[in-house]
């Protein structure tokens with residue numbers, strides 16, 4: 001008789017530990033839309049060979065692009081890398097950027113690693129086939145995410161953050177579809 005209640009209590013603890021963070025805790029820390037995306041990602045990542053990004057998950061859920069929501073989710077994933085093997089192996093930062101932002105990241109890294117000056121905004125926009133207004137927004141987002149830092153001495157007004165080499169994890173800004 002005493003075994004059963006202890007077993008149930010132990011099972012509840014084991015379930016909570018196995019998941020890493022209970023859904024009650026997650027719901028308290030995330031907005032409703034963010035919780036939907038995180039739940040989608042965790043279900044998706046549980047399938048073999050899946051590495052869906054936050055932006056792609058939002059698109060699959062038919063949600064409008066939302067930088068603030070991506071940052072909220074990204075920070076949550078950084079804080080809870082125990083939620084999925086993808087986060088432990090590849091790093092949460094790998095899932096924050098859109099494909100355009102990953103292209104921009106690679107472009108800026110390549111310029112730095114080849115000791116080339118960072119091109120001006122219009123030249124960068126042309127090279128990446130982006131509108132200058134869109135590029136400005138992506139640069140600001142990448143700074144808020146921690147990949148870039150403001151630097152008025154640079155042609156783009158931003159420079160790579162000190163930890164840029166490890167920021168994207170082992171996948172280093174690979175594209176997702």
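Just so you know, all these numbers are worked out from the coordinates, no wet-lab data involved. It should be emphasised that the depicted structure is a prediction, and the values quoted were computed from it without experimental measurement. Backbone-built Cβ (ideal geometry, glycine too); neighbour counts: all protein chains shown.
Spin-label model, residue 49 to residue 163: label points 7 Å out along the Cα-to-beta-carbon direction sit 3.3 nm apart. For the range 70-175, the spread of Cα positions along the three principal axes, ordered from largest to smallest, is 41, 27, 24 Å. How many angstrom lie between the Cα centre of the range 66-119 and the Cα centre of the range 30-60? Result: 15 Å between the Cα centres. Once a ≥ b ≥ c are taken as the square roots of the eigenvalues of the Cα gyration tensor of the range 22-95, is the result rounded (a/c under 1.5), prolate (a/b larger than b/c) or oblate (a/b not larger than b/c)? Note, shape of the range 22-95 comes out rounded.
Name all residues of the range 119-146 having a backbone nitrogen under 11 Å from the label point set 7 Å from the Cα of residue 78 along its Cα→Cβ direction, giving them as ranges. From the range 119-146, the list is 143-146.
Treating r as the C-beta distance of residue 29 and residue 99 and R0 as 25 Å, the FRET efficiency rounds to 0.35. Please list, in order, the residues from the range 51-68 whose amide nitrogen is less than 13 Å from a point placed 7 Å along the Cα→Cβ vector of residue 89. Under cut-off, by backbone N: 51-52.
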